[in-house]
Structures are given as structure tokens and as C-alpha cells.
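Comments concern the structure below.
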Amino acid sequence: MRKTIKDQLGRTLVLPSWPFRIISLVPSETELLVDLGLEESVVGITKFCVHPNPMKTTKKIVGGTKNISFEKIAELKPNIILCNKEENTKEIVNRLEKEYEVHVSDVKKMEDVFHLIQQYNILFNCNQKALQISSKIKSELHIFKEFIENKPQINVLYFIWKDPWMLAGKDTFINTLLALNGFNNVCNQRTRYPVVTTEQLQNTSATLLLLSSEPYPFTEKHISEIKNLKVSSEIILVDGEYFSWYGSRLQAAFTYFKKLRLKNKIYST
């Protein structure tokens with residue numbers, strides 16, 4: 001009898017057999033797979049799987065995260081496909097699971113990160129590297145918590161899109177990392193990624209606005225654009241991968257967060 005496992009949505013799937021033929025539809029999970037030593041087992045990725053850099057030239061691109069080619073996936077004959085509740089649509093998962101084993105992640109808290117890495121360990125037999133990555137993240141997190149202790153809380157808004165302006169809400173992994181940084185996310189709307197109006201920006205209690213590098217590639221010109229709306233908050237650009245990628249990239253995230261706080265005088269005390 002083949003072994004089974006429950007994914008982070010509680011769905012049961014059969015563990016893949018060797019050789020693994022993995023398709024990853026989640027950029028941060030693609031990077032995690034490579035760091036777990038599974039690059040040779042990855043046969044398909046999305047066009048947004050930019051780390052590590054050579055992957056897009058060596059692996060078959062099956063589409064984006066929300067628009068994929070089922071024909072290209074069938075050609076690759078995967079024995080497991082990795083998805084994420086937020087990154088991929090329910091329709092994609094429902095169609096794929098009719099033909100393949102599909103693992104769906106759901107990461108909102110740091111505990112979910114370690115649970116996911118352990119699930120990949122069970123799925124793909126990579127205990128040593130899984131332990132190394134988890135231990136590194138935990139160590140960096142501990143060091144950062146000591147650094148951030150007693151630092152002032154800063155009211156913030158975290159921007160992920162424009163036209164319309166969109167924010168990261170509180171029921172997100174981004175919000176978890178904001179909180180670890182001593183940032184109080186003042187976006188209190190129930191939607192995970194709400195739209196914010198010009199009037200709301202002008203009257204926000206946030207003293208600091210964070211413009212992410214992804215999914216929308218904010219640049220300096222967007223800082224000027226928001227300031228022209230007569231918004232009084234300070235505005236800075238941040239690396240969105242460190243605030244939203246929940247895999248092995250977290251090993252370097254807390255060093256980035258420390259440098260970010262030290263670099264910007266608005267919240268360096």
C-alpha cells in the first residue's frame with residue numbers, strides 16, 4: 001500500500017515514487033526545491049520562477065501561476081504538482097487533481113513555513129537539507145527578534161499593486177513578516193488584498209508606506225506619484241521577495257530586514 005500525506009489544506013495525496021517528476025507552480029517553492037537538492041527532479045515551472053536564475057532556461061515553462069498550459073503539463077508526465085492556495089486558482093487545482101497528485105500549501109505564519117519544509121522532506125526524502133534550511137531560518141529569526149526587541153512600533157501600509165492601489169491585508173504571510181519587523185499594519189479591511197482610495201491614503205494613520213518590488217515593480221517614480229497625491233507619510237521601496245517568499249529565501253530575509261531598519265532614519269531608533 002502506498003503511503004499518503006495530507007497537505008496544508010488537509011487534502012490527502014499519495015507520496016510520489018522515485019524518480020520524482022515535479023512541476024512547481026509557485027516561485028518561492030521552486031527556489032526551495034532547488035535548495036533542498038531537488039533541481040534535477042523539477043521538470044516544469046512557471047514564468048515567474050526567477051530563482052535560481054538559470055531555471056527558466058533549463059526547465060519547461062508551463063505558464064504563469066494563474067494561467068497554465070494543461071497540454072504542456074501532460075507532456076512532462078509529472079508524478080506530483082506543487083501549488084499554493086493563494087498563488088494558484090481553485091479551478092487549476094481542481095482540474096489538475098483529476099489526473100495528478102497535487103500538493104497545496106497554505107502559508108500565513110512562520111509555523112506554516114516549517115511545516116511545509118517538513119512536508120517536502122516527507123514527500124521527497126531530503127531530510128538533511130530540510131533540517132539545515134529550517135535550522136538556519138530559526139537561527140536568523142532568533143537573532144533578529146533580539147535585534148528588534150524594544151524598537152518602536154511603526155504604523156505602515158504595504159503596497160503590492162497600482163491602478164488601483166492595493167495593499168497587503170492582515171490575513172497574509174506579508175503581515176506576519178511586517179509584525180516581526182515591528183510594523184503595525186494599519187490596513188484593517190477584511191479583504192486580504194484590499195484596494196485603497198486616494199482619500200484613504202491622505203487620511204491614513206500610517207507614518208510609513210512600503211512599496212514592494214513585487215508583484216508590481218514599484219520604483220522611485222511611484223514614490224513621487226504618491227507624494228503628489230498630498231500624502232504626508234514617509235515612503236520607501238522594499239524587496240517584496242523577502243516579505244512574501246516563504247521558502248528558503250527566509251534564510252537571508254532577516255539580515256535584509258535588519259539592514260532596512262538601520263538604513264532608513266524614519267524608524268532606525
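The values are calculated or read from the model by the stated rules, or taken from the named source; none is laboratory data. Everything quoted here is computed from the prediction, not taken from an experiment. Neighbour counts run over all protein chains shown; Cβ positions are idealised from the backbone, glycine included.
Being without any contact (Cβ under 8 Å) to a residue 60 or more places away in the chain and surrounded by 17 or more Cβ atoms within 10 Å (Cβ to Cβ) is the filter here; which residues of segment 1-22 pass it? Within segment 1-22, just Arg21 meets the criteria. For segment 75-110: of the residues being among the aliphatic types (A, V, I, L, M) and touching an Asp or Glu at 6+ places or on another chain (Cβ under 6 Å), which is nearest to Ile45 (Cα to Cα)? Here the answer is Leu82. State whether one or more residues within segment 6-26 are of a type outside the set (Ser, Thr, Tyr) and under 20 Å from Tyr242 (Cα atoms). Yes, segment 6-26 has at least one match.
Which is assigned to a loop (DSSP other than H, G, I, E, B), under 18 Å from the mean Cα position of the chain (by Cα) and touching a residue at least 60 places away in the same chain (Cβ under 8 Å), of Lys108, Lys66? It is Lys108. Would you mind stating whether Lys136 is closer than 16 Å to Ile68 by Cα, touching a residue at least 40 places away in the same chain (Cβ under 8 Å) and not assigned by TED's automatic domain parsing to the domain that holds Ser248? Considered against the rule, which asks whether it is closer than 16 Å to Ile68 by Cα, touching a residue at least 40 places away in the same chain (Cβ under 8 Å) and not assigned by TED's automatic domain parsing to the domain that holds Ser248, Lys136 comes out as no. Criterion applied to Glu234, Glu214 was being among the acidic types (Asp, Glu) and under 20 Å from the mean Cα position of the chain (by Cα), and the one residue passing it is Glu214. For segment 249-266, indicate whether the set of residues that are at pLDDT 95 or above, assigned to a loop (DSSP other than H, G, I, E, B) and either in contact with a Leu (Cβ under 7 Å, 6 or more places away or on another chain) or within 22 Å of Asn84 (Cα to Cα) (or both) is non-empty. Yes - at least one qualifying residue is present in segment 249-266.
Restricting attention to segment 111-155, the residues being exposed (fewer than 15 other Cβ atoms within 10 Å of the Cβ), of a type in the set (Asp, Glu) and assigned to a helix (DSSP H, G or I) number 2. Among residues of segment 32-64 being of a type in the set (Gly, Ala, Ser) and farther than 24 Å from Ser213 by Cβ, the one that is surrounded by the most Cβ atoms within 10 Å (Cβ to Cβ) is Gly44.
For Gln200, the criteria (1) touching a Ser or Thr at 6+ places or on another chain (Cβ under 7 Å); (2) at pLDDT below 95 hold in every case but one, which is (1). Being touching a strand residue (DSSP E or B) at 6+ places or on another chain (Cβ under 6 Å) and not in a strand (DSSP E or B) is the filter; apply it to segment 227-247 and report the residue that is nearest to Thr172 (Cα to Cα). Only one residue fits best here, namely Gly240. Among the residues of segment 199-233, those that are exposed (fewer than 15 other Cβ atoms within 10 Å of the Cβ), among the polar types (S, T, N, Q) and without any contact (Cβ under 8 Å) to a residue 40 or more places away in the chain comprise Gln202, Asn203, Thr219, Ser224, Asn228, Ser232. Out of the residues in segment 160-174 that are outside any loop (DSSP other than H, G, I, E, B) and in contact (Cβ under 8 Å) with a residue 60 or more places away in the chain, which is farthest from Pro215 (Cα to Cα)? Filtering segment 160-174 for residues that are outside any loop (DSSP other than H, G, I, E, B) and in contact (Cβ under 8 Å) with a residue 60 or more places away in the chain, the one farthest from Pro215 (Cα to Cα) comes out as Phe173. Of all residues in segment 69-86, those being crowded, with 20+ Cβ neighbours inside 10 Å and assigned to a loop (DSSP other than H, G, I, E, B) number 1.
Is at least one residue of segment 26-34 in contact with a strand residue (DSSP E or B) (Cβ under 8 Å, 6 or more places away or on another chain), under 30 Å from Gln128 (Cα atoms) and of a type in the set (D, E, K, R)? Scanning segment 26-34, I find at least one residue that is in contact with a strand residue (DSSP E or B) (Cβ under 8 Å, 6 or more places away or on another chain), under 30 Å from Gln128 (Cα atoms) and of a type in the set (D, E, K, R), so the answer is yes. The set of residues in segment 187-198 being exposed (fewer than 15 other Cβ atoms within 10 Å of the Cβ) and of a type in the set (A, V, I, L, M) consists of Val195 alone.
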